[in-house]
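Values quoted throughout were computed directly from the atomic coordinates according to the rules given, and no laboratory measurement underlies them. For clarity, every value in this text was computed on a predicted model and none was experimentally measured. So basically every Cβ, Gly included, is an ideal-geometry build from the backbone, and we count neighbours across all protein chains shown.
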Amino acid sequence: MTIIETLLAELEQEAVTTRRVLERVPGDHLGWRPHPKSMSLGQLALHIATVPGSVARLASELTLPAPPDFAQAEAAHASELVPALTESVAEARRLLGGLDDAAMADTWRLLADGQELMAMPRGALLRAIMLNHWYHHRGQLLVYLRLLDVPVPSVYGPTADESPFRAATAT
């Protein structure tokens, strides 16, 4: 299995869990934020939905001449989150699926005014930003849901609200 095949398999597996989390986002609280410096629920949820495709677009170029705009739009309706995730994962698959291990080892660079801000192998960018960064924000969203008293879905094991093991052992 190639590096990209491994990363895309993980992306697909984690997208299933991310979908379950996004399905819990209450549409009547999209403007809520736990702190004035925090993203709103709608911003965070839409960011999570769009990370795979957005990062795949960044990784599809070896050199970015300037940092991307980090302004985060807010979801207008909770019903747009799952379709945005589906589209984003499909875009990541489309943009990255043809890369081989040599392309994953190519150095990706981010510049600003001609100065190199960041450089790393493309595969490391995808691991760190497309996946690890995605998981980080998904964890934040789980905290938002808990603070809003929304039942928290199982991600890697049981939560106080849901256990994938209860159903398996309840015979």
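Okay, here's what the table says:
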item: Subset of the stretch 40-89 [touching a His at 6+ places or on another chain (Cβ under 6 Å) and more than 23 Å from Leu125 (Cα to Cα)]; result: Leu41
item: Ser163 being surrounded by 12 or more Cβ atoms within 10 Å (Cβ to Cβ) and more than 20 Å from the chain's Cα centre (by Cα); result: yes
item: Any hit, the stretch 31-41, residues being loosely packed, with under 13 Cβ neighbours inside 10 Å and in contact with an Asp or Glu (Cβ under 8 Å, 6 or more places away or on another chain); result: yes
item: Residues of the stretch 27-63 satisfying the condition of being assigned to a helix (DSSP H, G or I) and free of Cβ contacts under 8 Å to residues at least 60 places away in the same chain; result: Gly27, Asp28, Gly42, Gln43, Leu46, Ala49, Thr50, Gly53, Ser54, Arg57
item: Single condition Ala66 does not satisfy, out of (1) in contact with a Phe, Trp or Tyr (Cβ under 9 Å, 6 or more places away or on another chain); (2) among the hydrophobic types (A, V, I, L, M, F, W, C); (3) in a loop (DSSP other than H, G, I, E, B); result: (1)
item: Arg146 outside any loop (DSSP other than H, G, I, E, B), farther than 28 Å from Arg57 by Cβ and not aromatic (Phe, Trp, Tyr); result: yes
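Residues are listed down the side, and each one gets a yes or a no for (1) closer than 23 Å to Tyr156 by Cα; (2) under 16 Å from the mean Cα position of the chain (by Cα):
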position: Leu7; (1), (2): yes, yes
position: Leu11; (1), (2): yes, yes
position: Arg20; (1), (2): yes, yes
position: Pro26; (1), (2): yes, no
position: Gly31; (1), (2): no, no
position: His47; (1), (2): yes, yes
position: Ala66; (1), (2): no, no
